[in-house]
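For reference, the structure is listed below as structure tokens.
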Amino acid sequence: MKITHIEMRTVRLPLKEPFTVSKHRFVNCVGHILTLTGEDRTLGYGESVQLESPWYSAETLGTSSLLLRELILPTVLGQETGTTSVSSRWCASVSRTSI
């Protein structure tokens, strides 16, 4: 079955308790909810979760948005699902590409 449509939504969820590092306090977790639709209208879901700013990790909402929108999702769209996972095929295609 081919992946025919991908929807990416950004979500902001409050943390149960604030997360504090030396000079920054996080009260929300942000990320993306991905909905993948197959040609037979089967739905699959995924998520990407990170902090808003790079105080704790280099991965941010902006960097993950860019990677998903410009690199990962266009590669996955139109791919056949099956015994080899779409993510492993994507990783193989990236390893052959110089960035």
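The values are calculated or read from the model by the stated rules, or taken from the named source; none is laboratory data. Treat the numbers as computed from the prediction; the structure is a model and nothing was measured. Please note: Cβ atoms are built from the backbone with ideal geometry, for glycine as well, and neighbour counts cover all protein chains shown.
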Practice prompt. Please specify each residue of segment 33-58 satisfying the condition of being hydrophobic (A, V, I, L, M, F, W, C), over 15 Å from V76 (Cβ atoms) and at pLDDT 90 or above.
Written response: I33
Discussion item. Just to be sure before I move on: is L73 at pLDDT 85 or above, part of a helix (DSSP H, G or I) and surrounded by 14 or more Cβ atoms within 10 Å (Cβ to Cβ) in the structure I sent?
Written reply: yes
Practice prompt. Go through segment 21-56 residue by residue and tally those that are free of Cβ contacts under 8 Å to residues at least 24 places away in the same chain and outside any strand (DSSP E or B).
Written response: 3
Discussion item. I'd like the full set of residues that are over 19 Å from M8 (Cα atoms) and in contact with a His (Cβ under 9 Å, 6 or more places away or on another chain), limited to segment 20-68.
Written reply: S53, W55, Y56
Worksheet item: With respect to the numbered conditions (1) touching a strand residue (DSSP E or B) at 6+ places or on another chain (Cβ under 9 Å); (2) at pLDDT 90 or above; (3) over 22 Å from T63 (Cβ atoms); (4) loosely packed, with under 12 Cβ neighbours inside 10 Å, which one is the sole condition not fulfilled by K16?
Response: (1)
Discussion item. V11 - would you say it is under 16 Å from the mean Cα position of the chain (by Cα), β-branched (V, I, T) and over 15 Å from L77 (Cβ atoms)?
Written reply: yes
Worksheet item: For V30, are the conditions met, namely being modelled with pLDDT of 85 or more, among the β-branched types (V, I, T) and under 15 Å from the mean Cα position of the chain (by Cα)?
Response: yes
Discussion item. One residue is enough: does segment 79-97 have a residue meeting the conditions at pLDDT 90 or above and aliphatic (A, V, I, L, M)?
Written reply: no
